[in-house]
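**Student:** Supplied in structure tokens, the structure appears directly below.
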Ligand SMILES: [Zn+2]
């Protein structure tokens, strides 16, 4: 049984179950609900307007946030070097996001990236980058 004990000692901890899109949507739903509660007028403050009802905008915000979280999560598991924050580069970009334009986060900085504030109506994207 020594071989078995040795093997168990060397075995990596069991991997956490992979997160599904439903997990990201549930997490994003909570984040977005808290942010909307903080700004009851959030719908009027969105930088994109037109053609969307408030319910559609809420769902859109949740989907965007879920994708944001998922991209960061997947980057940590993928073969890429890291992610770069890109804004739309137009006049509607908020000052907080403008400061992040072009900022690169290597794989070992993804926790830092995940902790950066994101806001309702944010139109930024994270793109894979090389060093
Ligand atoms: Zn933004």
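None of the figures in this text is laboratory data; all of them are computed from the coordinates on show. Because the structure is predicted, anything quoted here is derived from the model rather than measured. We place every Cβ from the backbone using ideal geometry, glycine too, and count neighbours over all the protein chains shown.
**Student:** In degrees from 0 to 90, rounded to the nearest 10, what is the angle of the helix 21-38 Cα long axis to the longest principal axis of the chain?
**Tutor:** It works out to around 40 degrees.
**Student:** Fewest to most neighbouring Cβ within 10 Å: what's the order for 90, 39?
**Tutor:** So the residues, fewest neighbours to most, are 90, 39.
**Student:** For the chain, count all C-alpha to C-alpha pairs, find those more than 18 Å apart, and express that count as a whole percent of the total.
**Tutor:** The share of Cα pairs beyond 18 Å in the chain comes to 62 percent.
**Student:** Return the Cα extents of the stretch 52-126 along principal axes one, two and three, sorted largest first, each rounded to a whole Å.
**Tutor:** 38, 24, 17
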